[in-house]
Protein chains: 2
Amino acid sequence: MSRIGVLGATSWGVTLAGLLAKNGHTVVVLCRSPEEAAAVARRRGIARMAQVVLPPGAETGLVASPGPLDGCVLAAPSQSLAANLAASALDRGTPVLNVAKGIELASGRRLSEVIAAAGWDAAEVAVLSGPNLAHEVAAGQPAAAVVASARLRMAEWWQLVVSGPTFRCYRSGDVTGVEIGGASKNVIAIAAGAAGAMGLGSNMMAALVTRGLAEMTRLTVALGGDPETMRGLAGVGDLMATCFSSLSRNHRLGALLASGLRPGEALARIGEAVEGAATAPALVAMAQRAGAEMPITEEVAAVLAGERDVAAALERLLRPELAIESR
Amino acid sequence: MSRIGVLGATSWGVTLAGLLAKNGHTVVVLCRSPEEAAAVARRRGIARMAQVVLPPGAETGLVASPGPLDGCVLAAPSQSLAANLAASALDRGTPVLNVAKGIELASGRRLSEVIAAAGWDAAEVAVLSGPNLAHEVAAGQPAAAVVASARLRMAEWWQLVVSGPTFRCYRSGDVTGVEIGGASKNVIAIAAGAAGAMGLGSNMMAALVTRGLAEMTRLTVALGGDPETMRGLAGVGDLMATCFSSLSRNHRLGALLASGLRPGEALARIGEAVEGAATAPALVAMAQRAGAEMPITEEVAAVLAGERDVAAALERLLRPELAIESR
């Protein structure tokens, strides 16, 4: 068994810490401040993920002084990953598994690129993604995910560390596809949440999400990723779980926007980081650089920027046209 | 405007007849017996699709003597299509658009092959499929579909006939893919309905449906169809609409099976044809001939044959294994 850090006491971070502890690993939840670490230690978890109660063997520590680890799960929100890594004394040879799903807005980089820029060997970085609504995983319900690394040995190592009786990991070599899938489905989920709240039926919802999958696939291909990844758990699987479940924060954000709240108000109402919100404009810029059309993502970004209301955005997306089916 | 027959006073047939009438066409609903035709004429539709009220200009007629038509929509249940065509005096040069989603169990043929065997030029046959829950379409909610024909001119003609303000058709040349998508998603929907009723969460439901898409894609490829069709409305789009909506009869059949009803009892409870029930064993045989693995379809067929209960089938499907993500 291994000694595994979990950087970031987020809902998903704490949930994975609980899974790792159940798998027999010694878990160290790494926080930014001694106060946060003390709070996590005191309540054996965090308030907004009360289902997870870390076992007595689980430790807390500081990002700035993590001590020796066999590996570290990176569970910080996408937009603060770089700052967390900069503040961290983690040995740059420590295997890392990033589990956040987003694109860094300030730099336009995928998170594996952010990690490489912080000193890790890009080929060794691993990422995890898939249909993993945290509340279900925390409740012990079964789920499956994909672990990708350019170095298959690293994907295999993390696969064995993270997989357990209720959480099954598959391996992939397509880091780009897995990252684009996880980041972009959050944006499509905002659109789906808004469309559902506007009364869109099952038929058009399915059509909307299908077009979402098409634009995710276009971007993946334009960036050199594998379109087959979009057919799998980290693509359409995660997309379906998020678009057809109101447990997703991104989905809820869409519904709040459709109810007429301004973007800032809606984000404040949710309280926790909503990955799709910053990722939407980051993806629009990335898609423009790569030459990939992403109309749904563009509409979501326009709504979040306050440039368009939900009804107008939806009307633009559903405007009829007779054509050969586009992908 | 054209004179269009609709063979089969089924829920979907009557719904499409209503759409065609709204598009300005003269619709002739073709029934097997004078009694059925009189009943449809009297109530301007059918009891189980009361939302559709055919306009005064809509006619009824007999399959045996359809009269001259510019085109004919084939909306008979899959397992009775051949008998309907054999009984029909339709000119074999009349353009036909099949809208049922199944595989003929007795022969193992796709429905376009059944139509060709009845005397039509295989290249001219058109098929329609997509996320089109009939009750939503009948209620005037927007939806989109794919029309496929080996002869693109035929797909274009039907596209213009069927498309209207609330129903948008895209063209495709991939008849095989569109037919396999429509037939196989009904079987996966039975599995999803059963799994949902057994309490499967959103994460594993997404994983199950993702594996369903993978097996639909494998069969499509094995039969020479285009895997890209499975990424579109007639593949994953229809799959999502059916697996995540309880409006689908196939989905309801799965839920009834999970509640412990025997297959015959569950089918009797629904009353109308449930396409996936006969299509499941037909697809199993087709997949064996083509050399495509379809584990979910096999489990559904085994449950429907009374050889396995739902809990055992689900356990077999969700049995964990650590592997490279399979497609």
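The values are calculated or read from the model by the stated rules, or taken from the named source; none is laboratory data. All of these numbers come straight from a predicted model, not from anything done at the bench. Cβ atoms come from the backbone with ideal geometry, glycine included; neighbour counts cover every protein chain shown.
Output the number of residues of segment A:153-177 satisfying the condition of being modelled with pLDDT under 95 and more than 20 Å from A:HIS25 (Cα to Cα).
0
Of the conditions (1) within 11 Å of chain B (Cβ to nearest Cβ); (2) closer than 29 Å to B:THR166 by Cα, A:ARG316 satisfies every one except a single condition; which number is it?
(1)
Among the numbered criteria (1) touching a residue at least 60 places away in the same chain (Cβ under 8 Å); (2) over 17 Å from the mean Cα position of the chain (by Cα), which one does B:ALA41 miss?
(1)
Are any residues in segment B:170-209 touching a residue at least 60 places away in the same chain (Cβ under 8 Å), hydroxyl-bearing (Ser, Thr, Tyr) and either within 11 Å of chain A (Cβ to nearest Cβ) or surrounded by 24 or more Cβ atoms within 10 Å (Cβ to Cβ) (or both), and if so, which ones?
Within segment B:170-209, B:TYR170, B:SER172, B:SER184 qualify.
Test of understanding: among B:ALA280, B:ALA268, which residue is assigned to a helix (DSSP H, G or I), among the hydrophobic types (A, V, I, L, M, F, W, C) and out of contact with any helix residue (DSSP H, G or I) (no Cβ under 8 Å at 6 or more places or on another chain)?
B:ALA268
Considering segment A:89-109 alone, what residues qualify as being touching a strand residue (DSSP E or B) at 6+ places or on another chain (Cβ under 8 Å), part of a loop (DSSP other than H, G, I, E, B) and either free of Cβ contacts under 8 Å to residues at least 12 places away in the same chain or of a type outside the set (D, E, K, R) (or both)?
Matches in segment A:89-109: A:ALA89, A:LEU90, A:THR94, A:PRO95, A:VAL99, A:ALA100, A:ARG109.
Could you please find all residues in segment A:138-155 being surrounded by fewer than 24 Cβ atoms within 10 Å (Cβ to Cβ) and within 9 Å of chain B (Cβ to nearest Cβ)?
Result: A:ALA139, A:GLN141, A:PRO142, A:LEU152.
Specify which of the listed residues (B:VAL162, B:VAL178) is touching a Cys at 6+ places or on another chain (Cβ under 8 Å) and closer than 25 Å to B:ALA116 by Cβ.
Numbers: B:VAL178 fails: touching a Cys at 6+ places or on another chain (Cβ under 8 Å).
Only one candidate passes the filter, namely B:VAL162.
Only one of (1) at pLDDT below 95; (2) away from chain B (no Cβ under 14 Å) fails for A:PRO281. Which number is that?
(1)
Would you please name the residue that is nearest to the other protein chains (Cβ to nearest Cβ), looking only at residues in segment A:257-273 that are in contact (Cβ under 8 Å) with a residue 60 or more places away in the chain and surrounded by 20 or more Cβ atoms within 10 Å (Cβ to Cβ)?
The selected residue is A:ALA258.
Which residue, of A:LEU133, A:LEU105, A:LEU111, A:LEU97, is more than 21 Å from A:GLU228 (Cβ to Cβ), within 16 Å of the chain's Cα centre (by Cα) and at the interface with chain B (Cβ under 9 Å from one of its Cβ atoms)?
After applying the criteria, what remains is A:LEU133.
Among the residues of segment B:40-56, what is the count of those that are in contact with a His (Cβ under 9 Å, 6 or more places away or on another chain) and surrounded by fewer than 17 Cβ atoms within 10 Å (Cβ to Cβ)?
Looking only at that region, the number is 1.
Kindly provide the set of residues from segment A:283-314 that are surrounded by fewer than 16 Cβ atoms within 10 Å (Cβ to Cβ) and not in a helix (DSSP H, G or I), ordered by number.
Listed by number, the residues that qualify are A:GLY291, A:GLU293, A:ALA305, A:GLY306, A:GLU307, A:ASP309.
Looking only at segment A:32-77, which residues are under 22 Å from A:HIS135 (Cβ atoms), touching a helix residue (DSSP H, G or I) at 6+ places or on another chain (Cβ under 6 Å) and among the β-branched types (Val, Ile, Thr)?
Correct list: A:ILE46, A:VAL52, A:VAL73.
Name the single residue that is surrounded by the fewest Cβ atoms within 10 Å (Cβ to Cβ) among those in segment B:110-132 being part of a loop (DSSP other than H, G, I, E, B) and in contact with a strand residue (DSSP E or B) (Cβ under 7 Å, 6 or more places away or on another chain).
B:TRP120
Of the residues that sit in segment A:223-251 and are modelled with pLDDT under 95, at the interface with chain B (Cβ under 7 Å from one of its Cβ atoms) and surrounded by fewer than 24 Cβ atoms within 10 Å (Cβ to Cβ), which one is nearest to A:VAL137 (Cα to Cα)?
My answer is A:LEU247.
In the list B:VAL162, B:VAL147, which residue meets the criterion of being under 20 Å from B:TRP120 (Cα atoms) and in contact (Cβ under 8 Å) with a residue 40 or more places away in the chain?
B:VAL147
Exactly one condition in (1) modelled with pLDDT under 95; (2) within 19 Å of A:ASN186 (Cβ to Cβ) is false for A:SER78; which is it?
Answer for A:SER78: the failing condition is (1).
What pairs come up if the first residue lies in segment A:71-84 and is on the phi < 0 side of the Ramachandran plot, the second is buried (at least 22 other Cβ atoms within 10 Å of the Cβ) and among the charged types (D, E, K, R), and their beta carbons are under 9 Å apart, counting only those six or more places apart or on different chains?
Qualifying pairs under 9 Å: A:PRO77/A:GLU275; A:SER78/A:LYS101; A:SER78/A:GLU275; A:GLN79/A:GLU275.
Would segment B:211-222 turn up any residue that is small (Gly, Ala, Ser), more than 14 Å from every other protein chain (Cβ to nearest Cβ) and over 19 Å from the mean Cα position of the chain (by Cα)? Give the steps one after another, and end with the answer.
Initial filter on segment B:211-222 (small (Gly, Ala, Ser)): B:212, B:214, B:222.
Restricting the remaining residues to those that are more than 14 Å from every other protein chain (Cβ to nearest Cβ) gives B:222.
Applying the additional criterion that residues be over 19 Å from the mean Cα position of the chain (by Cα) yields B:222.
Looking through segment B:211-222, at least one residue is small (Gly, Ala, Ser), more than 14 Å from every other protein chain (Cβ to nearest Cβ) and over 19 Å from the mean Cα position of the chain (by Cα).
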